[in-house]
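Heads up: the structure comes next, in structure tokens.
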Amino acid sequence: AESLQCASVQRAFVEPMSDLHEEEVEFRPGRRLRVISGGPAEGRICLFVHGAGGRADQFAHQLRFCLDSGCAVAAFDMLGHGGSPKPNEPAAYTFAEFAADLVAFFDRYHRTDTSLIAHSYGTALSMELASVLLNRKDASTQALRNMVLLGPSANKPGTGGPLLYIPCFVLEWLRPLARDGFNAKAFHVDTDRALIQRENEITGTNPMTVMRALGRGMDWKVPDQPAYTWPTLLICGETDGLTPVEGARELLGKLPNSRLEVVMGTSHNMMLEKPDEVNKLLSEFLKLNSALARM
């Protein structure tokens, strides 16, 4: 394992974190994924789940915050994302496969006091994990104490429609043309242009074969509401055009022990656009104690 370095375009724009380490872990046969983790060997742990086209490093500010609060952390790159392998096998990118990876990740890293923090498509996968844990009714069910869902929705967002059936070499040609439209939905109008450019450079390395297969295989499930009792914080960006606030409000009505916060001046990538505001919400909800929380 090597220290996580954030200097290259493949890393979030934050200071390098020498107390985070990365490794490639085989969670299931043929499913080797990049994991970053760190913090105390005992006590509370926060597990992070990124969204479609994202990567674990998008949580860099929140990972740093949780570490400074005395929590252990772990996050992984989904198959086809970040530093994980990117096989050209469409069947590898279905909702069921991603959900099984998340269950395996949770089983490996959870502790008796575990918080789950997810973004976008990761929120749908996390709700599926919750359903799995509800059916288990064992110690792992009790280990999950609460959830934070960033950019959540009760409904599956648009995933490309007819574009999902265009040859990948054509999609590569269209990528620059589609970028402005995506940015308008994913970032607030006042977001730092340098941040947007960095994210565009990183997401521009996502293979279209993976993105097309992911879009075709995407599902979006909401757990059985009477049984879903975990305290859950929903965090939305003010102008999110991918998972709009309206979808989060609908989800709020389906999860009995949840609350909704809207971060003004942000869009779909609120944890990157205004990390301090997001971290304060995490601090209040998860009862973390850090220098930022006391400011």
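The values are calculated or read from the model by the stated rules, or taken from the named source; none is laboratory data. Everything numeric in this text was worked out from a predicted model, so none of it was measured. Here Cβ is always computed from backbone atoms with ideal geometry, including for glycine, and neighbour counts include all displayed protein chains. Each accessible area value is taken on the protein alone, full model and side chains, heavy atoms only, with ligands, DNA and RNA left out. Shrake-Rupley method; radii C 1.70, N 1.55, O 1.52, S 1.80 Å.
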Condition met for SER140 (closer than 19 Å to VAL262 by Cα, small (Gly, Ala, Ser), open to solvent by less than 20 Å² (accessible area, probe 1.4 Å) and modelled with pLDDT of 70 or more): no
Any pair with Cβ under 9 angstrom, 6 or more apart, that starts in segment 26-55 at a residue that is closer than 18 Å to ALA143 by Cα and acidic (Asp, Glu) and ends at one that is open to solvent by less than 10 Å² (accessible area, probe 1.4 Å) and modelled with pLDDT of 95 or more: GLU42/ALA72
Members of segment 202-216 that are open to solvent by 20 Å² or more (accessible area, probe 1.4 Å), under 11 Å from PRO90 (Cα atoms) and not hydrophobic (A, V, I, L, M, F, W, C): THR209, ARG212, ARG216
Any hit, segment 215-226, residues being in contact with a Leu (Cβ under 6 Å, 6 or more places away or on another chain), closer than 23 Å to SER84 by Cα and in a helix (DSSP H, G or I): yes
Test: residue in segment 70-85 that is of a type in the set (D, E, K, R) and modelled with pLDDT under 95: no
Any hit, segment 196-215, residues being at positive phi and modelled with pLDDT of 80 or more: no
Single condition ARG259 does not satisfy, out of (1) loosely packed, with under 15 Cβ neighbours inside 10 Å; (2) at pLDDT 90 or above; (3) under 19 Å from HIS61 (Cβ atoms): (3)
Of residues in segment 239-256 being in a loop (DSSP other than H, G, I, E, B) and exposed (fewer than 14 other Cβ atoms within 10 Å of the Cβ), the one modelled with the highest pLDDT: GLY253
Evaluation of ILE117 against (1) in a helix (DSSP H, G or I); (2) over 24 Å from ARG212 (Cα atoms); (3) of a type in the set (Val, Ile, Thr) (one fails), failing number: (1)
Checklist (1) in contact (Cβ under 8 Å) with a residue 40 or more places away in the chain; (2) surrounded by fewer than 24 Cβ atoms within 10 Å (Cβ to Cβ) applied to VAL103, failing item: (1)
Checking GLU22 against (1) within 15 Å of the chain's Cα centre (by Cα); (2) open to solvent by less than 50 Å² (accessible area, probe 1.4 Å), the condition it does not meet: (1)
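Yes or no, residue by residue, for (1) farther than 15 Å from LEU214 by Cβ; (2) more than 10 Å from the chain's Cα centre (by Cα); (3) in a loop (DSSP other than H, G, I, E, B):
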| site | (1), (2), (3) |
| --- | --- |
| GLY70 | yes, yes, yes |
| MET78 | no, no, yes |
| GLY83 | yes, yes, yes |
| LYS86 | no, yes, yes |
| ALA91 | no, yes, no |
Looking only at segment 40-63, and only at residues there that are surrounded by fewer than 24 Cβ atoms within 10 Å (Cβ to Cβ) and touching a Pro at 6+ places or on another chain (Cβ under 9 Å), the one that is nearest to THR232 (Cα to Cα): GLN62
Of all residues in segment 182-193 being open to solvent by 40 Å² or more (accessible area, probe 1.4 Å) and assigned to a helix (DSSP H, G or I), the one that is modelled with the highest pLDDT: ARG193
